[in-house]
Amino acid sequence: MPELPEVETVARGLRAVLPGRRIVDVRLGKTDFMDNPAEIGSRVPGSLVRAVRRHGKFLVLDLEHDGARPGKELLVVHLGMTGQLRVVPADAEIAPHTHAFFSLDDSRELRFRDPRRFGRMLVAAPAEEEKILGPLGADPTEVGEEEFGRRITSRRARIKALLLDQTVFRGMGNIYTDESLWRAKIHPARLGANLKPAEVARLYRAVRSILAEAIRLGGSSISDFVGSNGEPGEFQIRHRAYDREGKKCSRCGTKIRRMIVAGRSSYFCPHCQRAPRSTRKA
């Protein structure tokens, strides 16, 4: 599933071409992943795209109507596992599983493609944003080190679970959690409350640097992720832990192992990331 760097890559690509464009028409195909397809078809046409934002793993388009029907709307999109959002010429070949077409005033279209239809799309009033997106936590690309540490050390939960908890840090997922813990040399089963100040500081720096590097490289294309320009990301070639079970750790040569933490597969180096005593006994 696309995580923060992948969604930020799409947001930046759309931000370069959408603001200032007007959506003149909407055509929808399959709509079972949409909250309110009829309202998307009636409320979005005629609106001006004012901004494109990322909120956690959500994409938010700020829309504005003028003239006879003034007002503001939000077009909220979650890419799910296989969602793609691209701006292409209106006469471009239509890829299979393209389910939404937003015609723009410059003879291009914003298209949403989702083979597995695990994404989500809806239109809402700005006052509904918090209700729709939920009580999401701090953005790890913006949070300060002190707040980062407080959110981790105040809870007796495993650090892997804390980093994946969207009410703690919005946008983190399995890939970048494993990569950050590997870089910081922290075992995924460690309790957040038991981390030492030096370890918290090391993890903070690791999370920030991993996310920044992944965004710069356009995210990780594990299966079929592409940015808004149709190009795959490149960060997957720099993975040091995620999905590398049985391969040598690039730091010490020990084979990467996999275990289940917080209900998710977690990849780690048993030498560099020493397990807590209770886990070693188990």
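Each row is one residue, and each column tells you yes or no for (1) of a type in the set (D, E, K, R); (2) surrounded by 21 or more Cβ atoms within 10 Å (Cβ to Cβ); (3) in the same structural domain as GLN273 (by TED's automatic domain parsing); (4) over 20 Å from the mean Cα position of the chain (by Cα).
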{"residue": "ASP139", "(1), (2), (3), (4)": "yes, no, no, no"}
{"residue": "ARG150", "(1), (2), (3), (4)": "yes, no, yes, yes"}
{"residue": "ILE159", "(1), (2), (3), (4)": "no, yes, yes, no"}
{"residue": "PHE169", "(1), (2), (3), (4)": "no, yes, yes, no"}
{"residue": "MET172", "(1), (2), (3), (4)": "no, yes, yes, no"}
{"residue": "ASN194", "(1), (2), (3), (4)": "no, no, yes, yes"}
{"residue": "ARG205", "(1), (2), (3), (4)": "yes, no, yes, no"}
{"residue": "ILE215", "(1), (2), (3), (4)": "no, no, yes, no"}
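Tell me the residue from ALA193, ALA189 that is among the small types (Gly, Ala, Ser) and not in a loop (DSSP other than H, G, I, E, B), please.
Values: ALA189 fails: not in a loop (DSSP other than H, G, I, E, B).
Answer to the selection: ALA193.
In the list GLY230, GLY246, which residue meets the criterion of being more than 23 Å from PRO115 (Cα to Cα), surrounded by fewer than 13 Cβ atoms within 10 Å (Cβ to Cβ) and in the same structural domain as LEU164 (by TED's automatic domain parsing)? So that I can check it myself, show each step before the final result.
Working: GLY230 fails: more than 23 Å from PRO115 (Cα to Cα).
Exactly one residue qualifies, and that residue is GLY246.
May I ask you to list the residues in region 252-282 that are over 23 Å from MET1 (Cα atoms), touching a residue at least 60 places away in the same chain (Cβ under 8 Å) and not hydrophobic (A, V, I, L, M, F, W, C)? Break it down stepwise before answering.
Residues of region 252-282 that are over 23 Å from MET1 (Cα atoms), as a first pass: 252-255, 269-282.
Narrowing further to those that are touching a residue at least 60 places away in the same chain (Cβ under 8 Å): 269, 272-276, 279.
Selection gives GLN273, ARG274, PRO276, THR279.
What is the number of the single condition among (1) touching a strand residue (DSSP E or B) at 6+ places or on another chain (Cβ under 9 Å); (2) over 23 Å from PRO45 (Cβ atoms); (3) at pLDDT 95 or above that VAL123 does not meet?
The failed condition is (2).
Just to be sure, is GLU142 in a helix (DSSP H, G or I) and closer than 27 Å to LYS72 by Cα? I'd like the intermediate steps shown before the answer.
Working: in a helix (DSSP H, G or I): no; closer than 27 Å to LYS72 by Cα: yes.
So GLU142 does not fit the description; no.
Looking at region 90-110, can you tell me whether even one residue there is surrounded by fewer than 16 Cβ atoms within 10 Å (Cβ to Cβ), under 22 Å from PRO5 (Cα atoms) and touching a Ser or Thr at 6+ places or on another chain (Cβ under 9 Å)?
Step one: of region 90-110, the residues surrounded by fewer than 16 Cβ atoms within 10 Å (Cβ to Cβ) are 90-96, 105-107.
From what's left, under 22 Å from PRO5 (Cα atoms): none.
No, region 90-110 has no match at all.
For region 19-43, what are the residues that are outside any helix (DSSP H, G or I), closer than 26 Å to LEU136 by Cα and in contact with a Leu (Cβ under 7 Å, 6 or more places away or on another chain)?
MET34, ASP35, ASN36 - these are the residues of region 19-43 that are outside any helix (DSSP H, G or I), closer than 26 Å to LEU136 by Cα and in contact with a Leu (Cβ under 7 Å, 6 or more places away or on another chain).
Give ILE222, ILE210, ILE215 a once-over and let me know the one that is closer than 23 Å to ASP139 by Cβ, at pLDDT below 95, among the β-branched types (Val, Ile, Thr) and in contact with a helix residue (DSSP H, G or I) (Cβ under 7 Å, 6 or more places away or on another chain). Break it down into steps so the answer makes sense when it comes.
Numbers: ILE210 fails: at pLDDT below 95; ILE215 fails: at pLDDT below 95.
When all the criteria are applied, what remains is ILE222.
The values are calculated or read from the model by the stated rules, or taken from the named source; none is laboratory data. On a predicted model such as this, the values are computed, not experimentally measured, just so you know. When we count neighbours, we look across all protein chains shown, and the Cβ atoms used for this are built from the backbone with ideal geometry, even at glycine.
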